[in-house]
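Beneath this line is the structure, given in structure tokens, with notes to follow.
The values are calculated or read from the model by the stated rules, or taken from the named source; none is laboratory data. Model, not experiment: these values are computed from the prediction. Ideal geometry is used to build each Cβ from the backbone, glycine not excepted, and the neighbour counts take in all protein chains shown.
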């Protein structure tokens, strides 16, 4: 099997993954997954597509991720891995799609407007 290259995005985070056959090692920005994503929740999010398709021990994943925060990065990696799992086996699509792992989340930060403090918050109003 050749290496599969896929991209996942969430907010401003972009994850590029390289999936190849191996023993289940996940490397994120040249660090182990436990070092880069310290909490169990984030590690679960990253491994979710692999565990749902029962491929945790079958593939090695190399990840380059940048932009956004740590949660957005984890969800970007999750989406990229889910896309790669669909390319490995077309039957995986039926498992991952109902869980929403193949859907790009369109929610982004609303822009700040001029004459206001933030996107919606306004400067204090003084009547007199």
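Residues of segment 101-122 that are without any contact (Cβ under 8 Å) to a residue 60 or more places away in the chain, surrounded by 10 or more Cβ atoms within 10 Å (Cβ to Cβ) and closer than 30 Å to residue 85 by Cβ: 101, 102, 103. Which ones in segment 1-28 are in a loop (DSSP other than H, G, I, E, B) and touching a helix residue (DSSP H, G or I) at 6+ places or on another chain (Cβ under 6 Å)? Selection gives 11 alone.
Mind counting the residues in segment 38-57 that are surrounded by 15 or more Cβ atoms within 10 Å (Cβ to Cβ), free of Cβ contacts under 8 Å to residues at least 40 places away in the same chain and not in a helix (DSSP H, G or I)? If you could, list the steps in order and put the result at the bottom.
Step one: list which residues in segment 38-57 are surrounded by 15 or more Cβ atoms within 10 Å (Cβ to Cβ), which gives 42-43, 45-50, 52-53, 55.
Adding the requirement that they be free of Cβ contacts under 8 Å to residues at least 40 places away in the same chain leaves 42-43, 45-47, 50, 55.
Retained after the next criterion (residues that are not in a helix (DSSP H, G or I)): 55.
So the answer is 1.
If we keep just the residues of segment 6-37 that are touching a residue at least 40 places away in the same chain (Cβ under 8 Å) and more than 13 Å from the chain's Cα centre (by Cα), which is surrounded by the most Cβ atoms within 10 Å (Cβ to Cβ)? Even if it seems obvious, please write down each step before you answer.
In the first step, residues of segment 6-37 are kept if they are touching a residue at least 40 places away in the same chain (Cβ under 8 Å); the result is 6-20, 28.
Next cut, more than 13 Å from the chain's Cα centre (by Cα) only: 18-20.
Details: 18: 16, 19: 26, 20: 12.
Looking at residues that are touching a residue at least 40 places away in the same chain (Cβ under 8 Å) and more than 13 Å from the chain's Cα centre (by Cα), I get 19.
Taking each residue of segment 60-89 that is on the phi > 0 side of the Ramachandran plot and in contact (Cβ under 8 Å) with a residue 40 or more places away in the chain and looking for partners that are part of a loop (DSSP other than H, G, I, E, B) and surrounded by 16 or more Cβ atoms within 10 Å (Cβ to Cβ) with beta-carbon atoms closer than 6 Å, six or more apart or interchain, yields 68/11.
Does residue 77 count as under 19 Å from residue 61 (Cα atoms), buried (at least 16 other Cβ atoms within 10 Å of the Cβ) and more than 14 Å from the chain's Cα centre (by Cα)? So that I can check it myself, show each step before the final result.
Values: under 19 Å from residue 61 (Cα atoms): yes; buried (at least 16 other Cβ atoms within 10 Å of the Cβ): yes; more than 14 Å from the chain's Cα centre (by Cα): no.
So residue 77 does not fit the description; no.
Being in contact with a helix residue (DSSP H, G or I) (Cβ under 7 Å, 6 or more places away or on another chain), at pLDDT 95 or above and either part of a helix (DSSP H, G or I) or surrounded by fewer than 21 Cβ atoms within 10 Å (Cβ to Cβ) (or both) is the requirement here; does residue 95 meet it? So residue 95 fails the test.
With the structure loaded, tell me whether residue 68 is in contact with a strand residue (DSSP E or B) (Cβ under 8 Å, 6 or more places away or on another chain), at pLDDT below 95, under 19 Å from residue 5 (Cα atoms) and not in a helix (DSSP H, G or I) or whether it fails that test. Don't jump to the end; show me each part of the working.
Values: in contact with a strand residue (DSSP E or B) (Cβ under 8 Å, 6 or more places away or on another chain): yes; at pLDDT below 95: yes; under 19 Å from residue 5 (Cα atoms): no; not in a helix (DSSP H, G or I): yes.
No.
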